[in-house]
Amino acid sequence: MGYRVVVAGATGNVGREMLNILAEREFPVDEIAALASRKSLGTEVSFGDKTLTTKDLDTFDFTGWDIALFAVGSEATKVYAPKAAAAGCVVIDNSSLYRYDPQVPLIVPEVNAGSIEGYKAKNIIANPNCSTAQMVVALKPLHDRARIKRVVVSTYQSVSGAGKAGIDELWNQTKGIYVPGQEVAPEKFTKQIAFNVIPHIDSFMEDGSTKEEWKMVAETKKILDPKVKVTATCVRVPVFVGHSESINIEFEDFLDEEEARDILREAPGVLVVDKREAGGYITPVECVGDYATYISRIRQDSTLDNGLNLWCVSDNLRKGAALNAVQIAEVLGNRCLKKG
C-alpha cells in the first residue's frame, strides 16, 4: 500500500524535479496529482514513464491525499497549504513561508530527521533555503565531532535559484552581448548577470545584510544548533545550475584536516573529491543531476587555532529543493505515516 501524493507547482523547475526524483527513487506512490495555476492548466509533465496533465490548484480537493509537495512560492502557499493541511494532507513546503515558524519543523534529513515528529502541530514541514541545505549537510558530521563555534560562508549561487526567469535572463543576455541590437537589459536581476557576479540576493535589511544571508543564519541555527554563529555573503553568479560555497569553520576543539576528510567521506549525503592537483575538485557543472553534496579543498586555516576551510557544491534544484523535499517525504513515511 503506497501513498497518494500531490505536487503543487508541477510545471516549474522545482516541481518538475520533484516529479523526476519521486520516480527515480521509486517513492511508493499509489496515485499522483500534478497541480498548477490556471495559466498553466492542462500542461503535460513527466512522472517516470507516465505523462500527467496538470490540474487546477485553486479547486483541488486535498481530502484523502497523504502528502503534498509544494513548490509554488510563499503567496500561493499561504492560501493553499493550510487548506491541504486541514484536509489531513501533510504539506512539505519549499517556500520560505513556514521555515521560521516554531511550530513547523525545518528538516534536512541527514541533519535533523528526528525533528520531523513536530509536523503534527500544523501538518506542515518546511524545506530549507537551497544554500542552507547543502551547507548543513557538510557541517553536521564535523559539528558532532568538534563542536562548531562560528561559520563564515560566501556563496556562489546559480541563476536557477531565481527560477526560469533567471535562467532565461542569463541565456538571453549572454547571446545579446554578441549580437548587436539584441542586448538584454537586467530585469530579473538588479545588474547584468552575463559575465558578471552580483553580491545581492533577495531584499536588503536594515543591518546591510540581504534576506538570503539572513535566511542562512536563521536556518542553520534552527536546523543544526542555535549556538552556532553564522555570517554569510550571498552572491549570484552566471552559472545555470549548481550552488557553490566557500566555508570557513571555527571549532571549539582542534580538528585535523585529515580526520575531517575521513569524517566527511563517511557522512550521509556527502561525496569528497579532494585531490591537491589540477582538476582535483568539484565545480557546479559536474554536480548537475546528482544527489550528493560535494566537498573539496579541505584544509587547515592557519589563522585560527581550530579552523578549517572547505569548498561545497551541490545541485540546488535537487539537494537544495526537490531532493530534500522527497527525502523528507521518505522520512515522514518511514517514521510517521508508515505506508508503502
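The values are calculated or read from the model by the stated rules, or taken from the named source; none is laboratory data. Given the structure is predicted, the values throughout are model-derived calculations rather than measurements. Virtual Cβ from ideal backbone geometry, glycine too; neighbours counted across all protein chains shown. Quick note on the areas: whole protein, heavy atoms, side chains included, nothing else; ligands and nucleic acids left out. Shrake-Rupley method; radii C 1.70, N 1.55, O 1.52, S 1.80 Å.
Brief remarks follow.
- Reported count of residues in segment 13-27, each being open to solvent by 30 Å² or more (accessible area, probe 1.4 Å), in contact with a helix residue (DSSP H, G or I) (Cβ under 7 Å, 6 or more places away or on another chain) and not in a helix (DSSP H, G or I), is 1.
- Scanning segment 130-162 for residues that are outside any helix (DSSP H, G or I) and open to solvent by 10 Å² or more (accessible area, probe 1.4 Å) gives Arg147, Lys149, Arg150, Val152, Ser154, Tyr156.
- Each residue in segment 302-325 was checked for being surrounded by 15 or more Cβ atoms within 10 Å (Cβ to Cβ) and not in a strand (DSSP E or B), and 13 pass.
- Within segment 227-242, considering residues that are of a type outside the set (A, V, I, L, M, F, W, C) and over 16 Å from Val152 (Cα atoms), the one farthest from the chain's Cα centre (by Cα): Pro238
- Taking the conditions (1) within 18 Å of Val326 (Cα to Cα); (2) touching a Cys at 6+ places or on another chain (Cβ under 6 Å) in turn, Thr155 satisfies each one other than (1).
- Looking only at segment 33-51, residues that are open to solvent by less than 30 Å² (accessible area, probe 1.4 Å) and closer than 20 Å to Glu330 by Cα come to 3 in all.
- Residue under evaluation Ala10, criteria (1) part of a loop (DSSP other than H, G, I, E, B); (2) of a type outside the set (D, E, K, R); (3) surrounded by fewer than 13 Cβ atoms within 10 Å (Cβ to Cβ), criterion not met: (3)
- Here is the figure for segment 306-340: residues that are among the β-branched types (Val, Ile, Thr) and on the phi > 0 side of the Ramachandran plot total 0.
- The set of residues in segment 97-115 that are part of a loop (DSSP other than H, G, I, E, B) and surrounded by fewer than 19 Cβ atoms within 10 Å (Cβ to Cβ) comprises Tyr100, Asp101, Pro102, Gln103.
- Members of segment 28-63 that are of a type outside the set (Gly, Ala, Ser), part of a strand (DSSP E or B) and closer than 18 Å to Val326 by Cα: Val29, Asp30, Glu31, Ile32, Leu35, Val45, Phe47
- Flag for Lys215 being charged (D, E, K, R), touching a helix residue (DSSP H, G or I) at 6+ places or on another chain (Cβ under 9 Å) and not in a helix (DSSP H, G or I): no
- Search result, residues across segment 163-197 that are aliphatic (A, V, I, L, M), part of a helix (DSSP H, G or I) and surrounded by 20 or more Cβ atoms within 10 Å (Cβ to Cβ): Leu170
- Search result, residues across segment 288-329 that are within 16 Å of the chain's Cα centre (by Cα) and among the acidic types (Asp, Glu): Asp290, Asp315
- The residues of segment 243-282 that are without any contact (Cβ under 8 Å) to a residue 40 or more places away in the chain, part of a loop (DSSP other than H, G, I, E, B), out of contact with any helix residue (DSSP H, G or I) (no Cβ under 9 Å at 6 or more places or on another chain) and open to solvent by 20 Å² or more (accessible area, probe 1.4 Å), listed by number, are Lys275, Arg276, Glu277, Ala278, Gly279, Tyr281.
- The condition of being touching a residue at least 24 places away in the same chain (Cβ under 8 Å) and surrounded by 16 or more Cβ atoms within 10 Å (Cβ to Cβ) holds for only one of Val217, Val230, that being Val230.
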